[in-house]
1. Any idea which of 66, 58 is at pLDDT 85 or above, touching a Pro at 6+ places or on another chain (Cβ under 6 Å) and not acidic (Asp, Glu)?
2. Filter the stretch 113-127 down to residues that are over 14 Å from the mean Cα position of the chain (by Cα) and part of a helix (DSSP H, G or I), then give me how many there are.
3. How many residues does the stretch 55-73 contain that are within 16 Å of the chain's Cα centre (by Cα) and either in contact (Cβ under 8 Å) with a residue 24 or more places away in the chain or assigned to a loop (DSSP other than H, G, I, E, B) (or both)?
4. Given the conditions (1) closer than 19 Å to residue 146 by Cα; (2) surrounded by 12 or more Cβ atoms within 10 Å (Cβ to Cβ), report the number of the one that residue 135 does not fulfil.
5. For residues that are under 13 Å from the mean Cα position of the chain (by Cα) and free of Cβ contacts under 8 Å to residues at least 40 places away in the same chain, tally how many sit in the stretch 84-102.
6. Given the conditions (1) at pLDDT below 85; (2) among the hydrophobic types (A, V, I, L, M, F, W, C); (3) in a helix (DSSP H, G or I), which single one is not true for residue 52?
7. In the stretch 75-85, is there at least one residue being part of a loop (DSSP other than H, G, I, E, B), surrounded by 14 or more Cβ atoms within 10 Å (Cβ to Cβ), of a type in the set (Ser, Thr, Tyr) and touching a Gly at 6+ places or on another chain (Cβ under 7 Å)?
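The values are calculated or read from the model by the stated rules, or taken from the named source; none is laboratory data. Keep in mind it's a predicted model, so treat the numbers as computed, not measured. Neighbour counts are summed over all protein chains in view; Cβ atoms, including those assigned to glycine, are modelled from backbone coordinates with ideal geometry.
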Amino acid sequence: MIFGMALPILAQDRPFGIGRLASAEEIAKLNLTVYPDGRGLPRGGGNAQRGASVYKEKCAVCHNDKGEGREAQYPALVGGRGTLASDKPKKTVGSFWPYATTVFDYIRRSMPFDDPSSLSTEDVYSLTAFILYLNGIVGEIQELNEKNLAAVVMPNRYGFVRHTESIIPRRHQ
């Protein structure tokens with residue numbers, strides 16, 4: 001137990017004489033955590049209409065024009081409803097993901113694949129809206145923002161069971 005407690009202290013001692021401790025401001029800037037209830041969402045907004053052009057420019061090359069993916073390369077973002085209990089479940093944003101806030105968080109941190117975290121907040125809200133629109137979850141001109149994104153009910157919202165601090169998928173029958 002003592003070793004486990006000492007490790008962070010050793011890491012701060014700069015044993016190789018390089019680097020520096022991150023400031024509180026630097027750490028806060030990198031704290032991008034968005035929770036299912038919407039805590040952590042930045043101010044901003046967007047809709048599927050705007051998201052369509054951002055998607056075409058930044059996402060279609062990998063995920064195809066309508067989010068159908070590229071087999072054995074990049075996953076589909078659309079479709080799959082009703083397949084989770086089948087022998088061949090298709091896990092997409094529209095069939096598997098339980099929270100719209102998670103879609104936002106993933107896009108903001110990880111996309112586009114070749115330049116992660118490069119999108120503006122408005123681009124991320126717009127892309128989230130567009131992907132949800134392609135899945136029939138939100139309307140084309142419906143604005144998604146930090147005040148209403150967490151209220152979007154995803155088709156698989158109740159397909160997971162909250163267990164203490166983790167989320168565990170329910171077994172599909």
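1. Only one candidate passes the filter, namely 58.
2. Qualifying residue count for the region: 1.
3. Number of matching residues: 4.
4. Among (1) closer than 19 Å to residue 146 by Cα; (2) surrounded by 12 or more Cβ atoms within 10 Å (Cβ to Cβ), the lone unmet condition for residue 135 is (1).
5. Matching residues across the stretch 84-102 total 0.
6. (1)
7. Filtering the stretch 75-85 down to residues part of a loop (DSSP other than H, G, I, E, B) leaves 75-85.
Going one step further and asking which of them are surrounded by 14 or more Cβ atoms within 10 Å (Cβ to Cβ), we end up with 75-81, 83-84.
Restricting the remaining residues to those that are of a type in the set (Ser, Thr, Tyr) gives 83.
Now drop any that are not touching a Gly at 6+ places or on another chain (Cβ under 7 Å), which leaves none.
No, that holds for no residue.
Residues checked against (1) modelled with pLDDT under 95; (2) within 12 Å of residue 49 (Cα to Cα):
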{"residue": "85", "(1), (2)": "yes, no"}
{"residue": "93", "(1), (2)": "no, no"}
{"residue": "109", "(1), (2)": "yes, no"}
{"residue": "130", "(1), (2)": "no, yes"}
